[in-house]
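The values are calculated or read from the model by the stated rules, or taken from the named source; none is laboratory data. Nothing here was measured: the structure is a model prediction, and the numbers come from that model. Cβ coordinates were reconstructed from backbone atoms using ideal geometry, including for glycine residues, and neighbour counts include every protein chain displayed.
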Amino acid sequence: MFVWVHLFEPHAPYLDQLPPQAAASVRGGVTRSVSQRYDSEITVADAEVGRLVQAMGPRLASTLFLVAGD
């Protein structure tokens with residue numbers, strides 16, 4: 001099996017990738033720093049890769065992951 005997965009994030013402009021509960025606490029004119037927004041995009045990308053790894057189930061033992069970044 002061959003699967004190509006492209007995760008675009010994180011790339012500028014960095015968006016706030018906060019869950020709804022956390023987003024409510026930073027609304028009202030408070031802007032998070034670029035570094036905080038970048039970190040939130042990394043967190044989302046990491047969670048998506050984790051979902052992919054979990055979805056492999058028993059195939060994980062015979063799976064090769066190649067990761068590239070820019």
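Across region 17-27, the qualifying residues are those that are outside any helix (DSSP H, G or I) and loosely packed, with under 14 Cβ neighbours inside 10 Å, and the one among them that is modelled with the highest pLDDT is P19. The set of residues in region 29-70 that are in contact (Cβ under 8 Å) with a residue 12 or more places away in the chain, surrounded by 14 or more Cβ atoms within 10 Å (Cβ to Cβ) and of a type in the set (D, E, K, R) comprises R32, R37, E41.
Scanning region 28-70 for residues that are in contact with an Asp or Glu (Cβ under 7 Å, 6 or more places away or on another chain) and of a type in the set (A, V, I, L, M), which turns out modelled with the lowest pLDDT? The selected residue is V44.
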